[in-house]
Amino acid sequence: MRLFLDTANLDEIKKVAAWGVLGGVTTNPTLVAKEGADFHRRIRDIAAVVDGPISAEVLATDASGMVREAEILATLAPNVVIKVPVGEAGLTAAAELSSRGIPTNVTLIFSANQALLAALSGATYVSPFVGRLDDISQDGMAVVRETVEVFRQGGFATQVIAASIRHPIHVLDAAKCGAHVATVPFKVLQVMLHHPLTDVGVAHFLADWEKAKAHLTSAES
Ligand code: G3P
């Protein structure tokens with residue numbers, strides 16, 4: 001499973017890229033608005049750091065408006081993926097973009113049936129929102145699991161991005177379900193990385209090394 005970062009924050013993106021674990025980036029209008037940055041400029045700036053897919057979402061609510069926006073977004077960088085919300089307009093836009101070879105991420109998926117329709121329309125990715133389903137007492141990961149199974153059985157090339165990830169258990173469960181990607185907020189990646197026993201272990205090793213130094217030859221110290 002690849003890890004994408006779910007953010008429009010450049011510092012976070014640069015940091016995670018340096019860790020060597022960054023497979024791509026997903027943005028949405030909320031994440032871009034939070035940064036107070038110019039949308040197109042920010043996508044270009046992200047593309048200067050990230051080789052993998054970068055999802056940029058359209059704001060039009062009709063299919064031809066979505067396609068017009070997508071045409072502009074696709075010129076920003078070769079690795080831009082057009083994010084469209086699932087629905088009649090979204091599927092129409094995804095079908096048109098797919099016929100032109102422009103990659104798409106059909107988002108706001110809350111059921112495996114929505115994901116199936118998106119895959120049939122030619123979507124490159126679908127994004128089931130795990131956390132938002134959990135928030136309303138529905139099993140978000142079940143939609144990821146079912147979608148992965150449906151795509152596997154149907155031989156679809158469409159990839160599943162587990163989105164709306166809220167904590168590290170979501171990431172592990174997405175990997176166990178066979179999701180192709182989990183798109184993860186920076187704070188969740190930090191929680192995944194750190195463990196108090198690692199910090200304690202490093203402190204002990206350094207303290208022990210201070211004691212051992214007394215016995216080192218000058219060439220070793
Ligand atoms: O990028 C889409 C998705 O990951 C949003 O997550 O936390 O706003 O439900 P959230």
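The values are calculated or read from the model by the stated rules, or taken from the named source; none is laboratory data. Predicted model, so just to flag it, every value in this text is computed and none were measured. Positions of Cβ are backbone-derived with ideal geometry, glycine not excepted, and every protein chain shown enters the neighbour counts. We work out accessible area using only protein heavy atoms, side chains counted, and drop any ligands, DNA or RNA first. Shrake-Rupley method; radii C 1.70, N 1.55, O 1.52, S 1.80 Å.
Restricted to segment 7-92, the set of strands (runs of 3 or more DSSP E) holding at least 2 residues that are open to solvent by less than 30 Å² (accessible area, probe 1.4 Å) and either under 23 Å from Ser111 (Cβ atoms) or polar (S, T, N, Q) (or both) comprises 54-57, 80-85. In this structure, does Val191 turn out to be within 16 Å of the ligand (Cβ to nearest atom) and touching a Pro at 6+ places or on another chain (Cβ under 6 Å)? For Val191, the condition - within 16 Å of the ligand (Cβ to nearest atom) and touching a Pro at 6+ places or on another chain (Cβ under 6 Å) - is met. For segment 129-177, residues that are open to solvent by less than 50 Å² (accessible area, probe 1.4 Å) and near the ligand (Cβ under 10 Å from one of its atoms) total 10.
Output the helices (runs of 4 or more DSSP H) that fall wholly within segment 108-221 and possess 3 or more residues being under 15 Å from the mean Cα position of the chain (by Cα), or say none.
So the answer is 168-177, 186-193.
The residues of segment 117-128 that are open to solvent by 10 Å² or more (accessible area, probe 1.4 Å) and of a type in the set (Ser, Thr, Tyr), listed by number, are Ser121, Thr124, Tyr125.
Taking the stated definitions as given, is Leu76 among the aliphatic types (A, V, I, L, M) and away from the ligand (no atom under 16 Å from the Cβ)? So Leu76 passes the test. Residue selection: Gly122 satisfies the criterion of being touching a strand residue (DSSP E or B) at 6+ places or on another chain (Cβ under 8 Å), under 18 Å from Val106 (Cα atoms), of a type outside the set (Ser, Thr, Tyr) and away from the ligand (no atom under 16 Å from the Cβ). Away from the ligand (no atom under 12 Å from the Cβ), at pLDDT 95 or above and of a type outside the set (Lys, Arg): is that true of Asp6 in this structure? The answer is no for Asp6.
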